[in-house]
Structures are given as structure tokens and as C-alpha cells.
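Note sheet for the following structure.
Values quoted throughout were computed directly from the atomic coordinates according to the rules given, and no laboratory measurement underlies them. Since the model is a prediction, treat every value here as computed from it, not as a measurement. Cβ placement follows ideal geometry from the backbone for every residue including glycine, while neighbour counts extend to all protein chains displayed.
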Amino acid sequence: MLTQQDIRKSLNKFKVIEDTVDIARSRVAKNFFQTNDLELKLGAPLPKYWHWFFCWETAEDQLLGLDGHIKPGNNIIPDTGFPRRMWGGSEINFFEPLTIGMEITRIITLESINYKRGNSGEFCIIELKNELKHHEKTLLIERQNLIYLPIRKAFDKGASQPHNNLSKNFLARRYTENQLFKYSALTMNSHRIHYDLDYCKNVEHYPSLVVHGPLLAQNLIDAANQKLEGELRFFKYRALNPVFVSDEFTINFSDNGEFWIMDKSGVLSMSAVAS
């Protein structure tokens with residue numbers, strides 16, 4: 001575990017990544033999400049939450065951990081003492097859209113490190129601020145919570161939580177192995193829980209491949225933006241339980257700005273609010 005002195009030294013460390021919003025990755029995303037009416041030309045705006053397809057954080061293979069991610073200590077994230085990593089959720093403020101051909105800069109800042117204790121023991125939450133800019137203009141700010149957990153011997157699925165009934169308005173969806181692979185490539189996400197079944201079962205003890213948290217969130221963001229007639233400005237989501245490859249899940253929403261995903265068993269997998 002990190003000492004308080006270690007934590008103070010780590011706070012406010014940052015990394016800057018520059019990129020250009022190109023047509024090639026935009027075309028891959030358009031085909032993946034089947035946004036057939038999206039016009040791909042210079043200056044065309046992209047849908048919300050597509051920023052993860054650009055400004056990838058990459059590293060040489062020797063800097064990666066067993067799970068496929070950059071090993072803590074080899075980037076601005078220190079080694080918390082817990083090896084398992086999960087994306088716990090995000091809070092996003094959208095200001096301006098990304099447009100094709102735009103030069104963008106991602107500034108990643110480590111804002112907080114907090115050790116917690118839950119039902120299954122101690123864990124650590126690291127909050128990163130991801131600021132996306134075009135020159136001096138801020139396009140969006142996303143605060144991302146990463147959860148670091150101890151090694152486990154079995155997968156313990158969470159119990160049903162509120163919203164364990166379908167809303168009046170819902171969509172049903174599932175993702176295949178091929179789609180998980182494509183999304184991993186599109187986001188340069190090398191976490192093995194999304195494509196390596198042996199690792200999934202034998203190391204992380206999941207029953208099958210795990211659908212990416214941001215991919216589930218994209219479904220909720222699209223639903224929220226449609227409900228708000230394209231004027232979505234704020235979105236906050238929390239990942240609660242995993243959804244697995246080929247399993248049907250539902251995208252649900254209410255009239256008061258709440259959005260959520262339930263898995264095939266009626267367990268709440270992700271909750272969100274939007275405005």
C-alpha cells in the first residue's frame with residue numbers, strides 16, 4: 001500500500017498526448033455503431049463520447065502488466081498494491097464536439113488516490129481527470145474512476161439492486177466476441193478480460209469475456225443524447241456489475257434523467273444520470 005507521503009508525491013502528476021481526429025478511425029467507429037447517417041468529411045462533428053478513439057495512451061510491451069494494461073508505476077498511476085483493475089465510472093462535461101481533421105490534446109492528471117474498505121476487503125480508487133482540448137479551447141472534461149482490487153479466487157456476482165425491473169422505455173442488445181475485439185482495437189484497450197478467455201477464467205475468475213464499461217456507457221449516452229434532442233451536456237455513470245459476451249442486456253431510461261443497464265438476470269449493471 002502507498003503511504004500518505006507516496007500519495008502526496010503522486011497527486012497532480014500529468015501526461016499530455018496529442019492526436020488528430022482522422023477519418024480512418026471515425027469510419028471504423030461509424031461501421032461499428034452503424035451510424036449510417038454520419039457524414040465523414042473534414043469539419044464534420046462526431047457523436048459524443050467518441051473521444052476514447054483518439055489520444056491513445058500506449059507503451060512498449062515490457063511496460064505492460066499481466067492484465068495487458070500499462071503496469072502501475074510505469075505511467076502516472078503508482079503501484080497501489082492491488083493488481084486487478086476495473087473502470088468504476090466517469091463524470092463527463094461536454095462543451096464542444098470533436099470534428100474530423102481537428103488537432104486535439106489530451107491532458108491526463110492524477111487527482112486523487114483513496115483506499116477504501118468494502119464487503120470483500122480493501123481496495124483503492126484512483127481518479128483521473130481527462131481534459132480534451134483543441135488549442136486553448138476545452139472540448140470536454142471527463143473524471144474517470146479506476147478501481148484497483150486484490151487478487152480473488154472466485155467471481156461473486158452482485159445482488160439485484162434498485163431498477164431491477166424493466167422501464168417502459170428500453171432497448172435490448174448483446175455484443176459478440178468479434179465486436180469486443182473491434183472495440184478493444186478502436187480504443188487501444190489491451191485489457192485481457194475483453195479478448196483472452198483463458199485469462200478471464202483462470203486469472204480474473206470471470207465466467208466469460210467482459211463487455212467494456214465505456215461501451216456500455218456509450219449505449220446510455222446515445223440514449224440520453226437522443227432523449228435530450230442532441231443537447232446532452234452532463235453525464236455521470238457508475239459500473240456496478242459486469243455484462244458478458246453474447247449475453248443480452250437492456251438499456252433503460254426514465255423521464256427524470258435516469259438511465260441504467262440490466263443484465264440478462266435482472267441485475268443492475270450500470271446506473272447513470274444525464275442533463
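For this structure, a couple of remarks:
- 31 Å Cα-Cα threshold exceeded, pairs from Lys236/Lys264; Lys137/Lys236; Lys48/Lys153: Lys48/Lys153
- Footprinting exposure proxy for Trp87, Trp56, Trp260 (fewest neighbouring C-beta atoms within 10 Å first): Trp56, Trp87, Trp260
- Share of pairwise Cα-Cα distances greater than 11 Å in the range 216-260 is 69 percent (whole percent).
- Principal axis box of the chain, alpha-carbon based, largest edge first, Å: 48, 45, 34
- Of the GluC sites (Glu not before Pro) found in the range 1-88, those in coil by DSSP whose Cβ has at most 15 other Cβ atoms within 10 Å are Glu39, Glu57, Glu60.
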